[in-house]
């Protein structure tokens, strides 16, 4: 049986980079809501963004279960912003007998700002297929994000 690894952290804090590291050498498969959303809708899904993202999340969670049962480790490259959301995922996989870990990518404010600016430059230059995070989006997600407690996290990845 594979395990499911939820990667949480602030928006543009390094979750996708960490997910790619976990996948190096075939150790895991990453599933990303953003990757699917960008492939289907590009930068703008409009007013339906949250609806579509929720549907994709449900689909990817089912795929994560399928892959884990097939013996493949899965890195969920999206982090629920709230403690309740993270707890719900932990319970979902526990109730299905699937091993589950939560990894938190944490960075100090200066590093985070630098990563956010670098990501936005890469998106603008066409070097990275990710969402451009403007001030409004950043504030929206920062308002939603609840820092995880130590009891929630199995592995801390701090830089």
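The values are calculated or read from the model by the stated rules, or taken from the named source; none is laboratory data. These numbers were taken from a predicted model, which means no experiment stands behind them. Here the Cβ is made from the backbone with ideal geometry for all residues, glycine too, and neighbour counts use every protein chain on show.
Would segment 94-104 turn up any residue that is under 17 Å from the mean Cα position of the chain (by Cα) and modelled with pLDDT under 95? Checked segment 94-104: no residue is under 17 Å from the mean Cα position of the chain (by Cα) and modelled with pLDDT under 95.
Taking the stated definitions as given, is residue 36 surrounded by 18 or more Cβ atoms within 10 Å (Cβ to Cβ), in contact (Cβ under 8 Å) with a residue 12 or more places away in the chain and under 23 Å from residue 129 (Cβ atoms)? For residue 36, the condition - surrounded by 18 or more Cβ atoms within 10 Å (Cβ to Cβ), in contact (Cβ under 8 Å) with a residue 12 or more places away in the chain and under 23 Å from residue 129 (Cβ atoms) - is not met.
Of the set (1) farther than 18 Å from residue 4 by Cβ; (2) touching a helix residue (DSSP H, G or I) at 6+ places or on another chain (Cβ under 9 Å); (3) loosely packed, with under 13 Cβ neighbours inside 10 Å, all apply to residue 96 but (1).
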